[in-house]
Amino acid sequence: MDPIDRELVNRLQDGIEIGPRPFAESAKALGIPEEEVVRRIQRMVDDGYLSRFGPLYNADRMGGAVTLAAMAVPPERMDEVVEQVNAHVEVSHNYARDHDVLNMWFVISAEAPNRVDEVMDAIREETGLEVYNMPKEREYYIGLRLAL
Amino acid sequence: MSGRPSPEGVTLDAVDRRIIAATQGGLPLVPEPFHQLAETLGLTAEEVMERLQRMQAAGAVRRIAAIPHHYALGFKANGMTVWDVPDDRVDVLGPQVGALDFVSHAYRRPRHPPRWPYNLFAMVHGRSRDEVEAQVAVIADLLGDANRGHQVLYSTRVLKKTGLRLRA
């Protein structure tokens with residue numbers, strides 16, 4: 001990444017305006033053509049610096065439900081429980097985290113709100129382990145600002 | 001138009017769903033992306049832009065932006081910091097923690113005593129664990145005596161990561 005790439009990422013993390021030519025403003029600010037702006041973004045996506053460029057959707061404003069769930073998985077059962085949890089399509093993200101008790105953290109999203117509870121119940125039944133439900137009660141901030 | 005999200009969000013119709021399905025992986029990277037998207041979907045660019053604007057006003061679209069891959073950008077340490085903050089102070093302090101530039105998400109979540117006493121979650125990102133520890137110290141300073149205990153949980157392995165899925 002060169003300095004223009006970094007400046008582009010810094011600018012574009014905040015989002016573009018929805019309009020006919022959404023990259024025109026960044027192009028002008030950086031003194032490069034719009035074609036070069038999109039080419040640079042495409043290259044950063046291809047190289048893995050950006051996971052994507054596009055809309056960031058908020059599932060719980062789309063009539064659905066999202067929750068964060070945590071489990072205490074005995075280390076010797078980790079692989080087996082990962083498979084059981086990940087088998088649910090509603091589990092969108094799952095991370096192992098180093099914690100003395102709660103070592104597996106995953107996000108469950110579903111369009112039908114009661115589906116989230118059903119998935120947690122199913123995981124409890126399949127694994128015989130408790131699933132701690134930690135839904136967001138209040139959102140104070142969301143948005144990543146990496147200063148590059 | 002105030003642009004404030006309505007509390008109930010938005011009801012999606014079939015056309016909205018097609019737009020979401022077509023953009024979950026990203027926008028076409030051309031100077032006129034909404035026109036190209038419209039062409040792919042057999043819609044007019046005006047309709048695509050109008051629908052995305054409506055979803056954004058309702059909060060279903062947070063923003064249309066570059067989504068950085070922190071790890072590839074050198075932010076190799078990500079910590080989920082969790083804090084036990086008195087219930088009558090957390091809603092004042094939470095937004096202050098969220099305003100710190102290294103915090104990407106800040107939420108209040110329920111405690112599960114005795115195993116889990118923490119109610120304030122803040123995700124932080126640094127280039128190293130040392131940098132994350134320094135960020136944790138900044139949050140601890142900000143919370144002062146409202147910090148009754150905290151921990152940092154580093155992710156050790158991504159076990160699954162998929163995009164949003166919608167009913168067809």
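Backbone N atoms of the range A:14-38 closer than 20 Å to the 7 Å Cα→Cβ label point of B:Q53 belong to residues A:15-26.
Using the Cβ-Cβ distance between A:M1 and B:A21 with R0 set to 30 Å, the FRET efficiency from 1/(1 + (r/R0)^6) comes to roughly 0.45.
The lysine pair tally for the protein assembly as shown, using Cα distances under 28 Å and a gap of 8 or more places or different chains, is 5.
Relative contact order, whole percent, for the range A:51-148 stands at 36, derived from Cα pairs under 8 Å and 6 or more residues apart.
Other protein chain C-beta atoms within 10 Å of residue C-beta, averaged over A:100-112: 3. Between the helical axis of B:14-23 and the longest alpha-carbon principal axis of chain B there is an angle of about 70 degrees.
On the principal axes of its alpha-carbon atoms, chain A has extents of 60, 34, 26 Å, going from largest to smallest.
One chain, two ends: A:N133 and A:D46. Fully extended at 0.36 nm per residue, the span grows by 27.7 nm beyond their Cα-Cα distance. With the helix formula -39500 (n - 2.57) applied to DSSP H stretches of n ≥ 4, chain B reaches a computed 222 nm mean residue ellipticity of -11000 deg cm²/dmol.
What FRET efficiency would be calculated for the residue pair A:L30, B:S128, taking the C-beta separation as r and a Förster radius of 25 Å, to the nearest 0.05? Spell out each step's value before the answer.
Values: r = 30 Å, r/R0 = 1.20.
Here the calculated transfer efficiency is 0.25.
The overall shape of the range A:64-148 is oblate: from the C-alpha gyration tensor, with semi-axes ordered a ≥ b ≥ c, the ratio a/c is 1.5 or greater and a/b is no larger than b/c. Shape summary of the protein assembly as shown, radius of gyration then Dmax from alpha carbon positions: 20.3, 60 Å. Note on B:100-113: average number of Cβ atoms from other chains within 10 Å of each residue's Cβ is 5. Convex hull of alpha carbon positions in the range A:3-46: directionally averaged projected area 3.0 nm². Membrane-span-like helices in chain A, defined here as complete DSSP H runs extending at least 30 Å along the helix axis by their C-alpha atoms with mean Kyte-Doolittle hydropathy no lower than -0.5, are absent; this is a sequence and geometry rule, not a statement about a membrane. Other protein chain C-beta atoms within 10 Å of residue C-beta, averaged over B:68-78: 5. Approximating the spin labels as points 7 Å out from Cα along Cα→Cβ, the A:E125-to-B:D13 distance works out to 3.8 nm.
The stretch between B:V30 and B:Y154 holds 40.9 nm of extra length on full extension. This uses 0.36 nm per residue minus the Cα-Cα distance. In this rough spin-label picture, where each label sits 7 Å from Cα along the Cβ direction, the A:E83-B:R89 distance is 4.8 nm.
Helix B:87-98 and the long axis of chain B differ in direction by around 60°, with both axes built from C-alpha atoms.
FYI, it's all coordinate maths here, none of it is from the lab. Bear in mind that the values here come from a model prediction, so they are computed numbers and not experimental data. So basically every Cβ, Gly included, is an ideal-geometry build from the backbone, and we count neighbours across all protein chains shown.
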